[in-house]
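Here's the structure we're looking at; comments come further down.
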Amino acid sequence: MIYRRRDVRAQFTGAPVPEDVLERVLAAAHAAPSVGLSQPWDFIVIESVRTRKAFSDHVGHERALFASTLSGDRAARFTQIKIDGVMESTLSVVVTYDSQRGAPGVLGRHSIADAGLYSACLAIENLWLAATAEGLGVGWVSFYRERMVQDLLGIPDGIRPVAWLCLGPVTHHEAVPDLERHSWAHRRPLRQAVHREAWRPAGQGRAAGPA
């Protein structure tokens, strides 16, 4: 599932997601590890076409703002990239983060405040892998302003909408991620990401082993 998983945008069919399948996907997300067992996430399931259309319009506005910062080849490449499947997917799931869940004194968070946010991201990864195993696609939309989503969905102040995820059956999962297919970005090899014992700049070999 790890290597089959894709950020899906164009392959959604719009077919229904059976309720038992959705329950399994959400249960997998809810089973994620969390700092201090705080479980700081919530999941807002959105099927309303009206709500999704309002969000889709906002995404389009943010896409245009980003496009205006590009020029040349980069701008040309971006015009070919689809950034969301909000209206094509069956439904959306917004994952939120509540920094006050389990507070005060969340065990393990006293020195790393973001550990709670990392926990919400683990729930997102669990959801993504479970959805892939169920034959569904997931697309993470990041072209939005948090305040807009809070207002649209009635999310209280202090609770962050961490991810707007498009979810639904797909025709297929691409073998190569969209951004690589459009030559927007390319994966770096694992060997460039692994350091031994201490940080070493790329190309400078391994750090010395234990003394």
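The values are calculated or read from the model by the stated rules, or taken from the named source; none is laboratory data. Note that the structure is predicted; figures quoted are calculated from it, not measured. Note that each Cβ is placed from the backbone with ideal geometry, even for glycine, and that neighbours are counted across all protein chains shown.
Observations on the structure shown:
- Answer residue from the range 167-191, given it is hydrophobic (A, V, I, L, M, F, W, C) and surrounded by 14 or more Cβ atoms within 10 Å (Cβ to Cβ) and is nearest to Leu127 (Cα to Cα) among those: Leu167
- Single unsatisfied condition, Val49 versus (1) aliphatic (A, V, I, L, M); (2) surrounded by 12 or more Cβ atoms within 10 Å (Cβ to Cβ); (3) over 27 Å from Arg181 (Cα atoms): (2)
- Within the range 90-138, the residues that satisfy the criterion of being part of a strand (DSSP E or B), more than 18 Å from Arg24 (Cα to Cα) and in contact with a Lys or Arg (Cβ under 7 Å, 6 or more places away or on another chain) are Thr96, Tyr97.
The rows are residues; the columns are (1) modelled with pLDDT of 95 or more; (2) part of a helix (DSSP H, G or I); (3) of a type in the set (Ser, Thr, Tyr); (4) over 16 Å from Val149 (Cβ atoms).
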{"position": "Val17", "(1), (2), (3), (4)": "yes, no, no, yes"}
{"position": "Val21", "(1), (2), (3), (4)": "yes, yes, no, yes"}
{"position": "Arg24", "(1), (2), (3), (4)": "yes, yes, no, yes"}
{"position": "Ala27", "(1), (2), (3), (4)": "yes, yes, no, yes"}
{"position": "Gly36", "(1), (2), (3), (4)": "no, yes, no, yes"}
{"position": "Gln39", "(1), (2), (3), (4)": "yes, no, no, yes"}
{"position": "Val45", "(1), (2), (3), (4)": "yes, no, no, no"}
{"position": "Lys53", "(1), (2), (3), (4)": "yes, yes, no, no"}
{"position": "His58", "(1), (2), (3), (4)": "yes, yes, no, no"}
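- Filter result (under 14 Å from His172 (Cβ atoms), among the aromatic types (Phe, Trp, Tyr) and part of a loop (DSSP other than H, G, I, E, B)) within the range 1-15: none
- Pairing residues of the range 182-199 that are within 21 Å of Ala75 (Cα to Cα) with residues that are among the polar types (S, T, N, Q) and modelled with pLDDT of 90 or more, at Cβ distances under 6 Å and at least 6 apart in sequence or on separate chains, gives His182/Gln80.
- Filtered residue count, the range 117-147, keeping only those that are closer than 21 Å to Lys82 by Cα, crowded, with 16+ Cβ neighbours inside 10 Å and among the hydroxyl-bearing types (Ser, Thr, Tyr): 2
- Given (1) over 22 Å from Arg160 (Cα atoms); (2) of a type outside the set (A, V, I, L, M); (3) surrounded by fewer than 14 Cβ atoms within 10 Å (Cβ to Cβ), number of the condition Gln11 does not satisfy: (3)
- Among the residues of the range 33-75, the ones that are within 20 Å of the chain's Cα centre (by Cα), under 25 Å from Leu22 (Cβ atoms) and not hydrophobic (A, V, I, L, M, F, W, C) come to 11 in all.
- Contact annotation: residue pairs with Cβ atoms under 8 Å, 6 or more positions apart or on different chains, pairing a residue in the range 29-42 that is at positive phi and surrounded by 18 or more Cβ atoms within 10 Å (Cβ to Cβ) with a partner that is part of a loop (DSSP other than H, G, I, E, B) and of a type in the set (A, V, I, L, M, F, W, C), are Gly36/Val106; Gly36/Leu107.
- Residue match in the range 57-75 (condition: surrounded by fewer than 17 Cβ atoms within 10 Å (Cβ to Cβ), of a type in the set (S, T, N, Q) and touching a residue at least 24 places away in the same chain (Cβ under 8 Å)): no
- Summed over the range 81-111, residues that are touching a residue at least 40 places away in the same chain (Cβ under 8 Å) and either of a type in the set (Val, Ile, Thr) or within 30 Å of Phe12 (Cβ to Cβ) (or both) total 18.
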